[in-house]
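A short write-up of the structure that comes next.
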Amino acid sequence: MTVRTYPQRDNANERRRTSATETRRWLEAAKAIVFVGTSFAVGVTEQALHLAAENDLPTFSFNVVAEEP
């Protein structure tokens, strides 16, 4: 099984740019899409959700928040 992750920041001041074509290719090859800690307020998550719906892909969302005791 191959797991691909959408590129994250290397550090707080640097971002890796990914082309829309590369991102689309990753999404089209996916067997499932897992979202971790996203607000769903950016374009790539919306694109991923639409593609998942079009292709009947399972999606999972994990938004871990520390709870107050």
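The values are calculated or read from the model by the stated rules, or taken from the named source; none is laboratory data. Just so it is clear, the model here is predicted, and its values are computed rather than measured. Because the Cβ atoms are built from the backbone with ideal geometry, glycine has one as well, and the counts that use them run over all protein chains shown.
Of note:
- Failed condition for residue 52, given (1) modelled with pLDDT of 90 or more; (2) more than 12 Å from the chain's Cα centre (by Cα): (2)
- Filtered by the rule that a residue be modelled with pLDDT under 85 and exposed (fewer than 10 other Cβ atoms within 10 Å of the Cβ), region 22-41 gives 37, 39, 41.
- Candidate set from region 50-69 (those that are touching a residue at least 12 places away in the same chain (Cβ under 8 Å) and part of a helix (DSSP H, G or I)); member that is nearest to residue 18 (Cα to Cα): 51
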